[in-house]
Amino acid sequence: MTTDSATGAAPSQARQKPLIRDEKKRDSKTIARSYHLPPTTNLSTHDITGPTLHVQKGNGIYIYDDEGKEYIEGMSGLWNVSLGFSEKRLVEAATKQLNELPYYHLFSAKAHDPAIDLAEGLIKIAPWASKVFFANSGSEANDTVVKMVWYYNNALDRPKKKKIFSRIKAYHGIAVGSGSLTGIPKNHADFDLPIKNIYHTSCPHYYRYGREGESEEEYATRLAEEFEKMVVEQGGAEECAAFIAEPVLGAGGVIVPPKTYYAKMQAIVKKYDMLWIDDEVICGFGRLGDMWGAETLDIKPDILVSSKAISNAYLPLSCVMVADNVYQVLVTQSKKHGVFAHGFTGSGHPVACAVALEVLKIYEERAIVQHVKDVVPHFWEKLKTFEGHPLVGEVRGIGLIAALECVKDKATKEAFDAGLGVGAKVAEFAQTHGLIVRNLGDSIALCPPLIITEAQIDELLSRLSKALDDTLEWVKAKR
Ligand SMILES: Cc1ncc(COP(=O)(O)O)c(C=O)c1O
């Protein structure tokens with residue numbers, strides 16, 4: 001009989017001993033604290049407490065921690081797992097592709113089926129675009145966009161036309177170009193961002209920044225006028241190249257711009273011959289109730305960026321879709337240089353593309369966008385009842401993305417002292433009640449998997465309600 005080399009026991013006996021697993025469990029916090037530098041985390045807290053949640057597995061809209069506790073993933077991970085955590089068809093598509101062609105690049109006009117078929121599939125659902133460029137993350141895609149805008153204007157012999165406008169509270173990623181487009185101070189502080197030629201215009205949040213007695217439309221006019229003034233101050237058509245916007249600002253607080261805003265902003269972008277860059281990394285793939293946020297909010301992009309739900313987040317993938325007017329200019333410039341000298345080793349990775357192709361098939365076969373349209377009225381009917389909660393100042397959002405903003409005084413909209421961490425407390429209590437939400441300051445974001453049912457929406461909101469009640473008690477005790 002063979003024996004286990006470490007314990008000298010028979011293999012079956014060794015297997016029965018939960019030695020390795022138990023040790024791992026006992027040590028996982030220490031291991032994490034000792035070796036891992038986690039993204040977007042307070043490192044000093046992590047050094048002391050370790051991870052806040054150790055996730056072991058997922059099923060549908062649920063995840064489970066290392067103790068087996070179930071949570072509804074109210075954020076679809078990072079706004080991305082739209083089809084849930086156990087989509088076997090995606091696993092099979094990845095496995096098949098790994099067996100067939102696990103990797104090949106696309107430099108120097110190489111091609112493989114997953115990338116070209118996905119490019120075709122994406123243009124079918126975004127017919128205004130003519131070409132697709134692949135990258136691996138939203139940040140890479142938006143860095144690509146910054147470079148494309150500059151390259152495009154150099155090609156047109158407009159060397160001064162390089163300024164790109166984003167918005168305060170926008171989130172477009174974290175690399176050098178995309179991180180500069182992001183308009184959240186913490187993402188800039190001490191990273192020496194933003195780089196030059198990037199500007200941020202006002203955040204279009206009516207509840208927070210609309211004036212007393214000002215209608216949404218008037219507020220939108222004011223924002224558009226402010227933007228135009230900024231464009232003129234920065235050299236107008238000669239120097240201003242592009243405007244980038246998420247249809248709904250996601251990580252900045254789930255902010256739906258006021259009525260008429262996009263029509264007014266698009267008029268200015270057109271007037272100064274700038275490009276409209278539509279960052280649909282969160283809003284695309286049905287999140288707002290149509291395939292693209294641009295459809296829901298009537299935006300006409302020149303360039304569209306997608307990621308996250310494109311591969312259901314099972315593998316990293318992003319893309320930049322360009323309209324033909326932009327593409328033809330890139331062609332001219334690449335002819336001049338002999339190459340469009342931009343690309344990533346992982347651009348159009350065959351396994352990620354194979355997964356994304358299967359995602360597209362699932363969206364069509366299961367009519368995912370229609371499902372969103374079907375459950376959205378129920379979601380909003382229930383969610384609006386939270387307006388009556390003593391802690392909630394605003395319930396905002398559209399489709400299956402929302403935020404509840406916690407305030408100290410509902411009548412005056414006075415915010416809590418940021419140091420109190422009310423939003424973080426809601427997220428903490430929610431976790432205790434088996435719900436994952438994300439606090440963006442004191443706004444609590446919800447972005448559930450698109451496959452969520454009405455019964456699951458009820459369960460999600462019931463857990464959220466408990467978390468808000470607990471937080472209210474906690475706030476009262478603090479006072
Ligand atoms: C709108 C938007 N753009 C870009 C990004 C950056 O994507 P990534 O984190 O994949 O770099 C994000 C990430 O959340 C996003 O929400």
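Could you pull out every one of the strands (runs of 3 or more DSSP E) wholly within region 379-472 that has 2 or more residues that are touching a Phe, Trp or Tyr at 6+ places or on another chain (Cβ under 6 Å)? Answer list for region 379-472: 392-398. Restricting attention to region 57-80, the residues being without any contact (Cβ under 8 Å) to a residue 60 or more places away in the chain and surrounded by 12 or more Cβ atoms within 10 Å (Cβ to Cβ) number 6.
Let me confirm something: among Glu246, Glu233, Glu228, Glu238, which residue is closer than 29 Å to Val407 by Cβ and not small (Gly, Ala, Ser)? Going through Glu246, Glu233, Glu228, Glu238 in turn, the sole match is Glu246. Of all residues in region 429-453, those that are within 15 Å of Ile398 (Cα to Cα) have Cβ atoms under 7 Å from Cβ atoms of residues that are open to solvent by 30 Å² or more (accessible area, probe 1.4 Å), 6 or more apart or on another chain, in Ala445/Arg438; Leu450/His371. The set of residues from region 133-190 being in contact (Cβ under 8 Å) with a residue 12 or more places away in the chain and among the charged types (D, E, K, R) comprises Glu140, Asp143, Lys147, Arg158, Lys160, Lys161, Lys162, Lys163, Arg167, Lys169. Number of residues in region 123-167 that are within 13 Å of the ligand (Cβ to nearest atom) and open to solvent by less than 10 Å² (accessible area, probe 1.4 Å) equals 8.
Annotation for region 321-329: no member residue is away from the ligand (no atom under 12 Å from the Cβ) and part of a loop (DSSP other than H, G, I, E, B).
Report whether or not Ala170 is within 16 Å of the ligand (Cβ to nearest atom) and either under 17 Å from Asp278 (Cβ atoms) or open to solvent by less than 40 Å² (accessible area, probe 1.4 Å) (or both). Against the criterion (within 16 Å of the ligand (Cβ to nearest atom) and either under 17 Å from Asp278 (Cβ atoms) or open to solvent by less than 40 Å² (accessible area, probe 1.4 Å) (or both)), Ala170 qualifies.
Applying a threshold of 7 Å to beta carbon distances and a minimum spacing of six or more residues, or different chains, the list of pairs starting in region 247-267 at a residue that is touching a residue at least 24 places away in the same chain (Cβ under 8 Å) and at positive phi and ending at one that is open to solvent by 10 Å² or more (accessible area, probe 1.4 Å) and in a helix (DSSP H, G or I) reads Thr260/Glu217. Among the candidates Lys373, Lys300, Lys382, Lys336, the residue that is touching a strand residue (DSSP E or B) at 6+ places or on another chain (Cβ under 8 Å) and open to solvent by 30 Å² or more (accessible area, probe 1.4 Å) is uniquely Lys300. Residues of region 223-234 include at least one that is under 27 Å from Ala415 (Cα atoms) and either open to solvent by 40 Å² or more (accessible area, probe 1.4 Å) or within 15 Å of the ligand (Cβ to nearest atom) (or both). For region 173-190, taking the residues that are surrounded by fewer than 24 Cβ atoms within 10 Å (Cβ to Cβ) and of a type in the set (A, V, I, L, M), the one that is farthest from the ligand (Cβ to nearest atom) is identified as Ala189. Might you check whether a residue that is more than 16 Å from the ligand (Cβ to nearest atom) and buried (at least 24 other Cβ atoms within 10 Å of the Cβ) occurs anywhere in region 278-286? No, because not a single residue in region 278-286 is more than 16 Å from the ligand (Cβ to nearest atom) and buried (at least 24 other Cβ atoms within 10 Å of the Cβ).
Say whether the condition of being at positive phi, away from the ligand (no atom under 16 Å from the Cβ) and not in a helix (DSSP H, G or I) is met by at least one residue in region 76-97. Yes, that holds for at least one residue. Of the candidates Ala135, Ala155, the single residue that is small (Gly, Ala, Ser) and farther than 21 Å from Glu238 by Cβ is Ala135.
The values are calculated or read from the model by the stated rules, or taken from the named source; none is laboratory data. Because the structure is a prediction, the values reported are computed rather than measured. Methodologically, a virtual Cβ is constructed for each residue, glycine included, from the backbone with ideal geometry; neighbour enumeration extends over all protein chains shown. Please note that ligands, DNA and RNA were not included when accessible areas were found on the heavy atoms of the full protein model with its side chains. Shrake-Rupley method; radii C 1.70, N 1.55, O 1.52, S 1.80 Å.
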